Structures are given as structure tokens and as C-alpha cells.
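These notes are about the structure you will find just below.
The values are calculated or read from the model by the stated rules, or taken from the named source; none is laboratory data. Because the structure is predicted, anything quoted here is derived from the model rather than measured. All Cβ positions, even for glycine, are placed from backbone atoms using ideal geometry, and neighbour counts span all protein chains on display. For the accessible areas, the whole protein counts, side chains as well, though only heavy atoms, and no ligand, DNA or RNA atoms are used. Shrake-Rupley method; radii C 1.70, N 1.55, O 1.52, S 1.80 Å.
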Amino acid sequence: MHKLTVPTLKELRTRTSEKWREYSADVLPLFVAEMDFALAEPIAEALTAAIRRSDTGYAGAGSTLPDAFAAFAERRWNWRVDPAQVSTTTDVSVVIVESLRLAIASGDGVVINPPVYAPFFDLVAEAGGRVVEVPLLPPEGSATEGWALDLDGLEAAFAAGARAYLLCSPHNPVGLVHSAEQLTAVAELAARYDVTVISDEIHAPLTHSTTNFTPFLSVSDAAREHGITAASASKAWNLAGLKCAMFVTASQRMSRLLSALPEEVHFRTSLFGRIAATAAFTEGEPWLDAALEAIESNAALLASLLDERMPRIRYRAPRASYLAWLDFRALDWGNDPSVRALSRARVALNPGPTFGTQGRGFARLNFACSPDTLTEAITRLAAAG
Ligand SMILES: Cc1ncc(COP(=O)(O)O)c(C=O)c1O
């Protein structure tokens with residue numbers, strides 16, 4: 001097994017990315033979805049080699065990323081991707097906005113499932129759409145043991161005229177990995193009401209070892225006829241600053257829709273992002289498995305720390321990724337517990353209400369850090385309670 005390196009806090013504070021520049025050095029930053037682990041060696045080598053040969057121009061034709069992603073998807077998820085139906089752009093947000101622009105007319109409804117990745121609200125607006133909320137069913141109200149998609153709510157929204165559905169799969173912030181059955185039901189509804197499904201699968205490679213991830217486009221012909229997947233190596237290998245993501249389709253119908261994209265949308269891909277993503281999908285699995293081991297171990301550590309020191313916080317271990325959706329409602333920390341976390345504990349969390357009104361009384365915590373940092377953060381939060 002590959003050995004993962006976690007730099008010290010002093011080393012991490014020399015980074016210049018959002019996570020390490022937003023707050024002063026006395027704050028433990030457990031907010032934005034960046035990981036603390038050192039970059040995977042094959043990615044670092046590929047980027048260093050590119051710099052050495054001054055390979056810093058445009059990302060044009062001749063990419064091997066589609067083949068690398070297709071091989072990864074088959075190995076990892078048994079999903080057959082046609083490399084000819086994979087194209088790139090700058091990031092997943094751009095995949096979402098540009099796909100929506102083609103799928104909807106101005107003012108059309110686009111369904112999202114709050115609490116959900118906060119920028120979804122803005123991305124729908126940027127594409128000219130109108131947000132239609134179909135909240136996730138909370139654990140208390142769902143027939144399953146955890147959070148779940150509200151299929152009846154989705155059908156009602158589609159029947160009322162929504163034209164697209166922005167599916168977060170796996171779901172950020174609750175870490176829900178949708179089942180093949182649920183995704184098949186979503187695809188059937190999409191076909192019945194002629195809704196385009198954009199499946200944001202950025203967190204998919206980070207699905208925990210105890211759970212199977214199902215790619216939306218693998219579930220049925222209905223999914224392939226109505227779905228576009230947004231994929232990227234950026235979350236799983238911590239490459240967000242390098243700017244590269246993929247549109248993936250699996251039908252003539254959807255690839256024809258995307259053929260209307262301006263060539264410039266593809267041309268804006270970063271060459272460094274493409275080089276890094278190709279190395280990640282080709283040679284990055286040992287590092288990914290080590291990262292997942294660290295993440296799953298931290299998920300368990302978080303559960304025991306909360307149990308011991310903040311037992312009134314409710315937390316369900318995510319089935320994917322490194323984000324914990326913490327329910328502070330039994331504590332007197334108000335609508336936005338991140339305010340008190342920052343002011344009294346000097347721990348930066350993401351404010352729950354930015355994920356939708358359903359996030360009142362919640363905060364999101366990023367545990368892709370060392371066990372020591374996580375322990376220190378919960379110790380500080382407990383002292384602020
Ligand atoms: C679900 C989801 N989609 C999209 C993004 C943003 O991706 P990108 O930086 O490629 O636009 C994130 C970032 O955390 C995310 O969690």
C-alpha cells in the first residue's frame with residue numbers, strides 16, 4: 001500500500017490556496033474542500049516533467065485523458081465509457097453551466113436537492129435557470145436508514161415543468177451514495193418528463209471502500225438518453241487549482257446536444273490540469289486508495305471524538321468523500337454554528353445555511369487532514385460549547 005504523507009501545519013501554511021490564505025494562522029481551516037495530503041507522486045512527476053520541457057501552452061487536440069478516464073472507470077466501477085464521448089473544459093462548475101445552457105431555455109426550472117453544494121444555487125442562475133428545490137429526505141423522515149432522494153418530490157417537480165435536474169452523486173455535503181435502484185428510478189422519471197439530468201460525479205472516486213458507487217450513465221438506456229456526467233480528478237487527487245474537468249455522455253442524443261458547445265469551452269481547459277488528471281487516472285490509484293484509508297479512518301475518529309466530547313452533535317459517517325455534515329441543533333449555537341466555531345474555537349467550518357435553508361443549525365467539516373488536526377479541532381470546538 002502506498003504511504004500517504006501529511007505535511008505539518010507549518011508546511012501547510014506555506015500553501016497559497018484558499019484553504020490556507022482565507023484565515024489567520026491561529027485558525028484551523030476545516031472548510032473548503034481541499035485536502036491536506038501531499039500530492040500523489042506520479043502527478044507531481046508529470047507536472048514537474050511538463051515544467052522541465054516548458055510544456056506550458058494551450059490544451060488542444062491529442063489528449064489521452066478520455067482514454068485514461070475510460071480505463072479508470074472500467075477498472076473502478078465496471079463502467080464502459082466511450083472516449084469519443086468525453087471532452088474537457090476548465091472545471092466541473094463550467095461543465096454544469098454550459099450543459100444547462102444547452103438543456104434549458106431562460107427561466108426554466110432546474111431541480112436541486114438541498115442541503116447541497118452551495119454554488120449549485122448560483123450555477124443554475126448563471127445558466128439562466130430557476131432553482132426548484134426538492135430537498136433530500138432527512139434521516140428522520142426517510143424510509144431508508146439515512147438521507148435519501150425524494151422520488152415523489154422529483155416527479156412532482158418534473159411534472160410541474162422543470163427541464164433539468166442537477167444531481168449531486170455522491171452527494172455533498174451529506175456523503176450519500178445513491179443506489180442503483182434510486183438512479184434507475186430517476187432515469188425513468190427523466191425519460192417520462194423529458195428532463196435532462198446532469199450528474200455531478202466529482203466525488204465519485206472518493207467513495208468509501210464499504211460502498212459501491214454507481215455511475216448514472218451506467219444504469220439504463222433512459223439514463224444514457226437523458227444524462228450528462230460531469231467528472232474530474234480534481235476532488236479525489238486535490239487538483240482544483242489546475243482546472244480540468246470532463247463532459248461525459250453515452251448516447252447520440254446527448255452528444256448531439258453537446259456538439260452545440262462553442263469550441264472555446266473545450267479550449268479553455270488548462271494543459272496542466274489535463275496532464276495532472278491523465279496521470280491521476282492512469283497511475284494515481286495506489287495514492288487514492290491510501291487517501292481513502294486515511295479518510296475512512298478519520299471518519300471513524302471523528303465519530304469517536306464527537307461521541308466522547310460533543311455527544312449532542314449528530315453526525316452520520318459519509319459513504320463518500322471527506323466532508324462531515326454536523327447537526328448542532330441540540331446545542332445552542334444558532335442558525336449558523338460556524339460563526340461560533342470561528343469566533344470561540346478558531347476553527348473554520350462551512351456555514352450550513354449556505355447549503356440551503358435545510359442547513360440551518362448545521363455546519364460542514366472537512367476531515368481530509370491529519371488525525372492530530374482533527375483531534376485538535378474537536379477539542380477546541382468542545383471547549384467552545
Ligand atoms: C459537488 C461538487 N461539485 C462541483 C465542485 C466544484 O468543482 P470545480 O472546482 O471543478 O468547479 C465541488 C467542489 O467541492 C463539489 O463538491
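Residues in the range 204-227 that are within 14 Å of the ligand (Cβ to nearest atom) and either free of Cβ contacts under 8 Å to residues at least 40 places away in the same chain or more than 14 Å from the chain's Cα centre (by Cα) (or both): Phe216 alone.
Taking the range 29-144 and the helices (runs of 4 or more DSSP H) fully enclosed by it, the elements with 2 or more residues that are of a type in the set (Lys, Arg) and either at positive phi or modelled with pLDDT of 95 or more (or both) are at 65-77.
For the range 185-203, state whether one or more residues are open to solvent by 10 Å² or more (accessible area, probe 1.4 Å), over 11 Å from the mean Cα position of the chain (by Cα) and closer than 23 Å to Ser232 by Cβ. Yes: one or more hits. Would you point out the residue of the range 1-14, among those that are open to solvent by less than 70 Å² (accessible area, probe 1.4 Å) and within 11 Å of Ala38 (Cα to Cα), that is modelled with the lowest pLDDT? Filtering the range 1-14 for residues that are open to solvent by less than 70 Å² (accessible area, probe 1.4 Å) and within 11 Å of Ala38 (Cα to Cα), the one modelled with the lowest pLDDT comes out as Leu4. Annotation: of all residues in the range 148-177 being in a strand (DSSP E or B) and within 16 Å of the ligand (Cβ to nearest atom), the one that is most open to solvent (accessible area, probe 1.4 Å) is Leu176. The set of residues in the range 252-273 being assigned to a loop (DSSP other than H, G, I, E, B) and surrounded by 18 or more Cβ atoms within 10 Å (Cβ to Cβ) consists of Thr269, Ser270.
Anything in the range 61-76 that is more than 15 Å from Gly273 (Cα to Cα), in contact (Cβ under 8 Å) with a residue 12 or more places away in the chain and open to solvent by 40 Å² or more (accessible area, probe 1.4 Å)? List them, or say none.
Our first condition is that a residue be more than 15 Å from Gly273 (Cα to Cα); within the range 61-76, this holds for 67, 70-76.
Add one more test, that the residue is in contact (Cβ under 8 Å) with a residue 12 or more places away in the chain, and what stays is 67, 70-73, 75-76.
Residues satisfying the conditions are Asp67, Ala71, Arg75, Arg76.
Condition test on Gly241, is it crowded, with 23+ Cβ neighbours inside 10 Å and not in a strand (DSSP E or B)?
Judged against the criteria, Gly241 is not a match.
Taking the criterion of being of a type in the set (Gly, Ala, Ser) and touching a helix residue (DSSP H, G or I) at 6+ places or on another chain (Cβ under 9 Å), the residues of the range 1-43 that qualify are Ser17, Ala25, Ala33, Ala38, Ala40. Within the range 281-303, is even one residue in contact with a strand residue (DSSP E or B) (Cβ under 9 Å, 6 or more places away or on another chain), under 26 Å from Val197 (Cβ atoms), open to solvent by less than 50 Å² (accessible area, probe 1.4 Å) and within 16 Å of the ligand (Cβ to nearest atom)? No; the residues of the range 281-303 include none that is in contact with a strand residue (DSSP E or B) (Cβ under 9 Å, 6 or more places away or on another chain), under 26 Å from Val197 (Cβ atoms), open to solvent by less than 50 Å² (accessible area, probe 1.4 Å) and within 16 Å of the ligand (Cβ to nearest atom). Glu308 meets all of the listed conditions (1) open to solvent by 60 Å² or more (accessible area, probe 1.4 Å); (2) out of contact with any Asp or Glu (no Cβ under 7 Å at 6 or more places or on another chain); (3) touching a residue at least 24 places away in the same chain (Cβ under 8 Å); (4) not aliphatic (A, V, I, L, M) but one, namely (3). Of all the listed residues (Thr64, Thr89), the sole one being under 30 Å from Gly128 (Cα atoms) and not hydrophobic (A, V, I, L, M, F, W, C) is Thr89.
Total residues in the range 314-361 satisfying the condition of being surrounded by 21 or more Cβ atoms within 10 Å (Cβ to Cβ), more than 16 Å from the ligand (Cβ to nearest atom) and in a strand (DSSP E or B): the figure is 2.
Can you confirm whether the range 118-125 contains a residue that is out of contact with any helix residue (DSSP H, G or I) (no Cβ under 6 Å at 6 or more places or on another chain), away from the ligand (no atom under 12 Å from the Cβ) and among the small types (Gly, Ala, Ser)? Yes: the range 118-125 contains one or more residues that are out of contact with any helix residue (DSSP H, G or I) (no Cβ under 6 Å at 6 or more places or on another chain), away from the ligand (no atom under 12 Å from the Cβ) and among the small types (Gly, Ala, Ser). Taking the range 87-106 on its own, how many of its residues are within 16 Å of the ligand (Cβ to nearest atom), surrounded by fewer than 23 Cβ atoms within 10 Å (Cβ to Cβ) and of a type outside the set (D, E, K, R)? Looking only at that region, the number is 5.
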